[in-house]
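To keep things clear, I will list the structure first and then write my remarks on it.
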Amino acid sequence: MKRSALWILGGLFLTGTAHSQPAQIQAIRPSGAESLSRNLSRLASNPRDVDALIGAGEAAIDMDDVRAAAGFFGRADAIQPNNGRVKAGLARVMLKSQNPSEALRLFDQATRLGFGEATLLADRGLARDMTGDQAGAQRDYQAALKRAPEDAELLYRYAASLGISGQLDAAEKVLQPLLYKSDRAAWRYRAFILAMNNKQADARKIANQTMPAQLAAALSPYMEKMPYLTPAQKAAAVHFGHFPTRVGTSLAAATPRPAVPAPVAAAPESPAPAPVRPSYQSPGASNARVQPMQPDRPMPAARLPVQSQPMPSRAPATAPAPSSLTPSSLPPRSADVQGPPAPGVSSTASQSASAATTASQPNAITLARASAPAVQQAAPALAARQQPNPEATRTLAEIIRAIDVPETERRSTIAAVDLSEIQALQAARRAERQAAAEKAKKTAAAVKAKADAAAKAKAEADAKAKKAAEEKARLAANPSRNWVQIGTGADRGALAFTLKGLRRKYDDVAPQDGWLASWGRTNRLLIGPFTSFTRAKTVESKLKSAGADAFAWQSEAGEVVERLGGK
């Protein structure tokens, strides 16, 4: 039960915006067409200009012409096989060809060759989603959103990845700003996220509110089977509209057929081309298939795919290109509308979208790949619509045919197993492990040093606090007091005997307690303490009048003064 993205997802939420599509095409496509024209002019003078081949390939990808992009990047890879930008371009080709495993391999090669990882995050995240690595995909999306937080396409992919991994609330939170702007693509993603999490009633409600009734009915069977898909299958269904032939345990999937819209007399629909499967492979890529449009299944969206024709060439191609692909059309964006309700669908808008399906226009690269008669027949219509560089359009096929392929490059040098590449990869992984171990060791040493420093600082702080507490206690135990010194001596016992004699001799000494205070290598013999220094001076005067050797003295705060026992 496969169904191309051009049939399922490409037409969602486009009804009602068909009238704005030509203006959107004019606003988006000329940049890619102009870049292509510039690079083709350079290739005309130098067919081996790698920068021009890369520029042409990137322009082709921007214009959704995967086959042409594969040809340009394949040729650039044949000339410079160690160019990281070329590997990144081939990876994007593989991703658009729905070969995510090969895309991841090429993304890895691109980063190992020095290509900036930041520019690959969004596409690598999608490739990881399509291989079932939602955790890795979400890390890439988060890193990419730090650089471009308002990129709508990134927000769609991130929300879808969260939905695939069952994080419904987180997905809703990511989409909420876009939903309040009535972003139809955001509502589309929300419907599928709800469906894959078995919220069928909510998903159908959104589909009925935002799509024509025929399309909503056609998508209902697919939404019902979304919960039974694997994570990788859900990613393929949401982003590319591809469903597996069997769902769950041998559950056959029926392909719904939407009713054919009423024909528009003013613009009769021409018969669609017969299915064709042109193929050319990229190195190491498996053939990804995209089903072309069937004539009896028109979409209500204002787009029809253009069938690509094989490229004429005089010499055999050196670099294989991806499997059969058709260029996808550009998604229109609706105008911002305030408020959270899902945007509705009117019958008038549906009719406009149906009529617009007859106005499919081929892109410049498809025309250039077609045979000479086809180019001549399509040239007037293309010139009337886009008016590209006449020289670049006229000479595109000739330039591709004129690319000189040396005989040495025509011979295939691809081995079934490249042992040197495997050994290099193993060595790189060993180096990564060793670097990680060394980094972990350094980190542990740094953590230990930090812990030791913290412990030392704490010990010093504790010692300082203890010393301060002791000093405070010492000051509290020995405040500043007032005394009268009546003698000195180093021997405490002798000082006690001296005190007894002075008490018998002087009445002012008798009632006082004796005290000792250190004074260098000797001790002071004191009496007191007195309430004030004035009181001490009074006692001093009395003792001196009586013939004693005495004088008043004030101890400092914290200075130890000990009691001399006995009276």
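The values are calculated or read from the model by the stated rules, or taken from the named source; none is laboratory data. Keep in mind that what you see is a predicted model, and the values were worked out from it rather than measured. FYI the Cβ positions are ideal-geometry reconstructions off the backbone, even for glycines, and counts take in every protein chain you see.
Miscellaneous remarks
- Pairs linking a residue in the stretch 187-207 that is part of a helix (DSSP H, G or I) to a residue that is among the polar types (S, T, N, Q), with Cβ atoms under 8 Å and 6 or more positions apart or on different chains, are Trp187/Thr210; Arg188/Thr210; Ala191/Thr210; Leu194/Gln200; Arg204/Ser220; Ala207/Ser220.
- The stretch 511-551: number of residues that are of a type outside the set (Val, Ile, Thr) and in a loop (DSSP other than H, G, I, E, B): 10
- Pick from the stretch 405-446, criterion hydroxyl-bearing (Ser, Thr, Tyr) and modelled with pLDDT of 65 or more, ranking: surrounded by the most Cβ atoms within 10 Å (Cβ to Cβ): Thr443
- Pair list, Cβ under 8 Å, 6 or more apart: the stretch 525-551 residue outside the structural domain of Arg504 (by TED's automatic domain parsing), other residue loosely packed, with under 13 Cβ neighbours inside 10 Å: none
- Residue within the stretch 124-132 that is surrounded by fewer than 20 Cβ atoms within 10 Å (Cβ to Cβ) and either of a type in the set (A, V, I, L, M, F, W, C) or under 12 Å from the mean Cα position of the chain (by Cα) (or both) present: no
- If you go through the stretch 131-162 and keep only what is under 19 Å from Gln109 (Cα atoms) and in a helix (DSSP H, G or I), you end up with Gly136, Ala137, Asp140.
- Set side by side, the residues Ala431, Ala454, Ala436, Ala427 differ, and just one is part of a helix (DSSP H, G or I) and over 23 Å from Asp108 (Cα atoms), which is Ala454.
- Failed item in (1) closer than 30 Å to Phe243 by Cα; (2) at pLDDT below 50; (3) in a helix (DSSP H, G or I); (4) hydrophobic (A, V, I, L, M, F, W, C), with Leu12 passing the rest: (3)
- Total residues in the stretch 193-240, condition under 26 Å from Leu95 (Cβ atoms) and charged (D, E, K, R): 2
- Candidates Ala118, Ala122, Ala127, Ala88, filtered to the one that is in contact with a Pro (Cβ under 8 Å, 6 or more places away or on another chain), closer than 27 Å to Gly55 by Cβ and assigned to a helix (DSSP H, G or I): Ala127
- The set of residues from the stretch 208-221 being outside any helix (DSSP H, G or I) and over 20 Å from His242 (Cβ atoms) comprises just one member, Pro212.
- Candidate set from the stretch 182-206 (those that are of a type in the set (D, E, K, R) and under 21 Å from Glu153 (Cα atoms)); member that is modelled with the highest pLDDT: Arg190
- Extreme residue, farthest from the chain's Cα centre (by Cα), among residues of the stretch 44-85 that are outside any helix (DSSP H, G or I) and without any contact (Cβ under 8 Å) to a residue 60 or more places away in the chain: Asn46
- Among the residues of this structure, Glu117 counts as one that is touching a Ser or Thr at 6+ places or on another chain (Cβ under 9 Å) and closer than 21 Å to Glu58 by Cβ.
- Tally, over the stretch 483-523, of residues that are under 16 Å from Glu562 (Cα atoms) and in contact with a Gly (Cβ under 8 Å, 6 or more places away or on another chain): 11
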